[in-house]
1. Å³ per residue of the Cα convex hull, for segment 100-233?
2. If you rank Arg156, Arg20 by how much accessible surface each has, with a 1.4 Å probe, what is the order from largest down?
3. What value does the chain have for Rg/Rh, both radii from Cα atoms and Rh as Kirkwood defines it?
4. Considering only protein heavy atoms, what is the solvent-accessible area of Ser215 at a probe of 1.4 Å, reported in Å² to the nearest 10?
5. For Met158, Met128, give the ranking by accessible area with the largest first, probe 1.4 Å.
6. Classify segment 104-147 from the C-alpha gyration tensor, please: rounded if a/c falls under 1.5, else prolate or oblate depending on whether a/b exceeds b/c.
7. Apply 1/(1 + (r/R0)^6) to the Cβ-Cβ distance of Lys174 and Asp195, taking R0 = 25 Å, and write down the FRET efficiency to the nearest 0.05.
8. Quick check on the chain: helices-only [θ] at 222 nm, where DSSP H runs of length 4 and up contribute -39,500 (n - 2.57) each and the sum goes over total residues. Nearest 500, please.
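The values are calculated or read from the model by the stated rules, or taken from the named source; none is laboratory data. Not measured: the values here are computed from a predicted model. Cβ coordinates were reconstructed from backbone atoms using ideal geometry, including for glycine residues, and neighbour counts include every protein chain displayed. Surface accessibility is based on the protein's heavy atoms, side chains included, excluding ligands, DNA and RNA. Shrake-Rupley method; radii C 1.70, N 1.55, O 1.52, S 1.80 Å.
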Amino acid sequence: YYPNSEDFGTLAFEDLWPNRGDYDMNDVVVSYNSAHYMNSSNKVVKTIDKIRPIWSGGILDVGFGYQLGVASTAIKSVGKSSDFKDNSFKYSLASNGTENQQSKATILVFDNITELGLNGAVKPYFNMEVTFNTPVSVSDLTTPPYNPFIIINKNRGMEVHMPNYRPTDRADFKLFGTYNDKSQPSLSRFYVSDDEMPWGILIPGEFKYPAERLSIVNYYPNFLQWAKSFGAEFPDWYLYPSNK
């Protein structure tokens, strides 16, 4: 289980990339709990990823997905179930449930967080069950949350990933290096701003995200130093929000 059998990790994104935006890092907040089902050879035969949308602080139509480390052809099927009403899903999927035109298996969970209705106290989740044609190694699959990303305003080329995670085959590379983004694909540098700030973060537990238009830099005093040190300093920055 990741992070363990009971708890959820949290992913949070800013949706105005390649601009910095208000940098409140609350435009898309989702939590995840993932399980690998292993065979006697310690290879993965099935994964179940529970993706729980928590908050949408923006107004754009933003989707969420993740990419596994194995080829699309390694996937036998992708099953999705949820209490959310998701009738407007528009992205093109292959017969096995992965996204079309992707060399690596790409799982799209929802295409518009603003339509999910996140006002209730109890948040349902998407249950994503992936089975493989033949068992795969954890090192090939990569560990959860794999390579998570958002898609901005249903513009399929406009992806936002964690810093230095590779975009998928559907990303628009012309956007890199524009506005505040200082990606350098030739150096495998992606989704890092001109002041070394990310547009997406991963928290190994619950996350008290900033209020709308309150910069995460101001809400979490140690965030800036953590980001500029590439995670070497203040790795527990998210435990200490400002009292102001």
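1. So the per-residue Cα hull volume is 170 Å³.
2. Solvent-accessible surface, decreasing: Arg20, Arg156.
3. Across the chain, the Cα-based Rg/Rh ratio is 0.95.
4. Around 20 Å² of this residue is reachable by solvent.
5. Solvent-accessible surface, decreasing: Met158, Met128.
6. It is prolate, given that a/c is not under 1.5 and a/b is the larger ratio.
7. Working: r = 22 Å, r/R0 = 0.89.
Plugging the Cβ-Cβ distance into 1/(1 + (r/R0)^6) gives 0.65.
8. Per the formula, -1000 deg cm²/dmol.
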